[in-house]
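Here is the structure we will look at.
We did not get these values from a lab; they are worked out from the coordinates using the rules stated. None of the values given here were measured: they were computed from a predicted structure. All Cβ positions, even for glycine, are placed from backbone atoms using ideal geometry, and neighbour counts span all protein chains on display.
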Ligand SMILES: Cc1ncc(COP(=O)(O)O)c(C=O)c1O
């Protein structure tokens, strides 16, 4: 577009591509920080916020503290050599330690040269999509799915996501035949489908895909000639009866392994989200080489890498930590599930992860002239401002139908119990915060 004073004058201060990537910060993203700034404290701040919107495991700090507390016996102390420049896709000692750690998880030896360590699983997802996809390529994703896939898999790569909705009637369990249908329909529509991306175990539902399902998914990928991006960040956070099987486990058949790219990280299984350390594991040498080069843009501090290497090379500590963490996850899940049941709020039974997929469809209501997704937004807003409970609505997770909410339970059980009680009171039309007559609505 021409401008009387020249195009430089007319230009916005930020580029079109950064405007596309940044967008407006949604109210839902702000909710986390608002809730964290004024938290509920029994007795002290009874009307404070209850943040069940963030998938952090806040139940294991006492088990981790020794590594981070300077005067503790097993505190980590870096040496000068730990703090030098290291390969930007991960220091060799840490990659060896991660390879040894992931070998039993993946069911076969993991080659450290096929690991790319970057700043978070977020960065690893971005690497995988950017290496595999050209702008306009499509990635089919069983829905509901981890909401940040929308940014992580498309932001830099320019790919687009096509949801493959899994049926609510079957508790959103993965049905590879439906993924197949969506790939075929998308192709018939002219889409260039390059990959399937999924969480395994699933976020938000907390499901674990069994071996037969994963085999079938590999078959679907092979028949359609697409890759699989398997986000296995919750691999060792399984507390239910279905054993986890990695998308690269040889028991699924050898064919798909080379075209399956696994994402893992320390945020969930090790309860260390703030360290932002993630991994891409790919057996495709070309993909690995391209990802190694792109890791330049998202390396991890060598101090953090040295600490994690020390942690992983203490197998007694790792085994004890993971065992205790899983038993705390189970207890936390059972507590939250019991509270939901006691208040008559339906949900999908979970076997893994930090969250419960809660069914509030019966309480959507809706105001004249507004659509069902507005009704979900309105219920989210009431929960946040009137009950001061933060839970993310299903639209964030590409739910096919409004009314589902993700409740993250891995925090103080008092907070979870109070949040479920307040939610139930709000749904029943009662004042949600006991003893507080009116609360300012500030979003
Ligand atoms: C499925 C999944 N993948 C990736 C991430 C992000 O991991 P990181 O904090 O290591 O970037 C999360 C965090 O919520 C997640 O749930």
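Computed across region 94-208, the Kirkwood hydrodynamic radius from all distinct Cα-Cα pairs reaches 15.4 Å.
Using alpha carbons only, what's the Rg to Rh ratio of the chain with Rh from Kirkwood? Let's see the in-between values first.
Working: Rg = 22.6 Å, Rh = 23.1 Å.
On the Cα set of the chain, Rg over Rh gives 0.98.
Among 84-96, 277-289, the peptide with the highest mean count of other Cβ atoms within 10 Å heads the list, and the full ranking is 277-289, 84-96.
Shape descriptor for region 85-134: Rg over Rh equals 1.01 (Cα atoms; Rh from the Kirkwood inverse mean 1/r).
Restricting attention to the chain, close to 50% of DSSP beta bridges with both partner residues there are antiparallel.
Quick one: grab the alpha carbon gyration tensor of region 131-271, order the square roots of its eigenvalues as a ≥ b ≥ c, and give me rounded if a/c is under 1.5, else prolate or oblate depending on whether a/b is larger than b/c.
On the way: a/c = 1.45, a/b = 1.31, b/c = 1.11.
Because its axes are fairly even, with a/c under 1.5, region 131-271 counts as rounded.
Region 287-368 has equivalent-ellipsoid semi-axes of 39, 24, 10 Å, by the square roots of 5 times the alpha carbon gyration tensor eigenvalues, sorted largest first.
Could you state the orientation-averaged shadow area of the convex hull built on the Cα atoms of region 1-155, in nm² to one decimal? Please list the in-between numbers first.
Values: hull surface 70.7 nm².
Projected over every direction and averaged, the Cα hull of region 1-155 covers 17.7 nm².
When averaged across all projection directions, what area in nm² does the alpha-carbon convex hull of region 48-112 cover? For the Cα atoms of region 48-112, the hull's average projected area reads 8.0 nm². The radius of gyration of the Cα set in region 328-371, together with its Dmax, comes out at 13.7, 45 angstrom. Taking square-rooted eigenvalues a ≥ b ≥ c of the alpha carbon gyration tensor, is region 135-185 rounded, prolate or oblate, where a/c under 1.5 means rounded and, failing that, a/b exceeding b/c means prolate? Oblate shape, in that a/c is at least 1.5 and b/c is the bigger or equal ratio.
How large is Rg over Rh for region 204-286, taking Rg from the Cα atoms and Rh as the Kirkwood inverse mean of 1/r across Cα pairs? If you can, show how the numbers build up before the last one.
Values: Rg = 13.4 Å, Rh = 13.6 Å.
My calculation of the ratio gives 0.98.
Once the convex hull of the C-alpha atoms of region 254-331 is built, how many Å³ does it hold per residue, rounded to a whole number?
Details: hull volume 10.0 nm³, N = 78.
Normalising the Cα hull of region 254-331 by residue number yields 128 Å³.
Over all distinct Cα-Cα pairs of region 391-432, the Kirkwood formula returns a hydrodynamic radius of 11.5 Å.
Using only Cα atoms, what Kirkwood radius does region 68-158 have, in angstroms? Write down the numbers at each step before the final one.
Working: mean 1/r = 0.0625 Å⁻¹.
It works out to 16.0 Å.
The equivalent ellipsoid that matches the C-alpha gyration tensor of region 276-417 spans semi-axes of 38, 23, 14 angstrom, in descending order. Largest mean-square fluctuation among 29, 310, 399, in a Gaussian network model of the chain whose springs join Cα atoms under 10 Å apart, belongs to 29.
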